[in-house]
Structure formats: C-alpha cells, structure tokens
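Right, one structure below, let's go through it.
The values are calculated or read from the model by the stated rules, or taken from the named source; none is laboratory data. Given the structure is predicted, the values throughout are model-derived calculations rather than measurements. Cβ atoms come from the backbone with ideal geometry, glycine included; neighbour counts cover every protein chain shown. When the accessible area is computed, the model is the full protein with side chains, heavy atoms only, and any ligands, DNA or RNA have been set aside. Shrake-Rupley method; radii C 1.70, N 1.55, O 1.52, S 1.80 Å.
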Amino acid sequence: MFIVSLTYIKPLEQVDLFIEEHINFLNKQYELGHFQLSGRKEPRTGGVILATVNNRAVLDDLLKKDPFYREALARYDITEITPTKSSEALAHLIEA
C-alpha cells in the first residue's frame, strides 16, 4: 500500500485547468480498485491518495497517466506502508 502526497508546483490557476481531467483519472483508478481514498490538502497545496497496488513500479506507471504529472503541475512524494492495525471500517486494507 502507498500514500501518495502531491504538492502543487504551479499556480492554482494552472492546476484548475486540469481538475476535471484529474478527477476522471481518479475515478478510473477507483473503478480498477487501485485507489481507496483521496482528497485535497488544507490549505489547498496539493492532495493525498491512498493506493493499493501491488508494487511501486505499477504505481509509478499509473501515476504517469495523471494529467497533473503529464503537465508537470505537481511533485509526487510516495511512501510505502504495510498496514498492521486499522479501524473496523478499514480492516479489509490490512495485509495478511
């Protein structure tokens, strides 16, 4: 599992031009089961994605499809985690 932290490196006016396409990208990844949670940072300096893909190479390949990546609008900081404890609602994310 991975935590992806995006930090905008371009002005919000430029980011906003690609928000709709970015949301479509997110929706596709949710449909495929790759993403479990995402949202904006507050204040609005970027966003965070919880990704459940098998390995870093797979994650890197799919993040390249994000318009924010393609347009060089954000920096991506990625942390791999192995969940060992959760609430009942997120128990399905614990790796056996």
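For the chain, the list of GluC sites (Glu not before Pro) that fall in a loop by DSSP and count at most 14 other C-beta atoms within 10 angstrom reads Glu95. Computed over the alpha-carbon pairs of the chain, the distance histogram in 5 Å steps reads 3, 12, 24, 26, 18, 10, 5, 2, 0 percent, short to long. Looking at the calculated P(r) for the range 48-96, what percent of the C-alpha pair distances fall above 18 Å? Result: 40 percent of Cα pairs exceed 18 Å. Within the accessible surface of the chain, defined with a 1.4 Å probe on protein heavy atoms only, the carbon and sulfur portion equals 53 percent. Under 5 Å between amide hydrogens, built in the peptide plane, is the criterion, and for Ala74 it picks out Ile9 among residues at least 5 positions away or on other chains.
As a length-normalised measure over Cα pairs under 8 Å and 6 or more apart, the relative contact order of the chain settles at 41 percent. Under the combined filter of DSSP loop state and at most 11 neighbouring Cβ atoms within 10 Å, the range 29-96 retains these trypsin sites (Lys or Arg not before Pro): Arg44, Lys64, Lys65, Lys85. Just to confirm, what accessible area per residue do you get for the chain at 1.4 Å probe, in whole Å²? Ligands and nucleic acids excluded, the result is 64 Å² per residue.
Bridging of Lys28 to lysines at a Cα separation below 17 Å is possible for Lys64, Lys65, once same-chain residues fewer than 8 apart are set aside. Across the range 39-45, computed HN-Hα scalar couplings (Karplus, 6.51 cos²θ - 1.76 cosθ + 1.60, θ = phi - 60°) run x, 6, 7, 10, x, 6, 10 Hz from first to last residue, x flagging Gly and Pro. For Thr82, the accessible surface of its heavy atoms amounts to roughly 100 Å² (probe 1.4 Å, protein chains only, rounded to the nearest 10).
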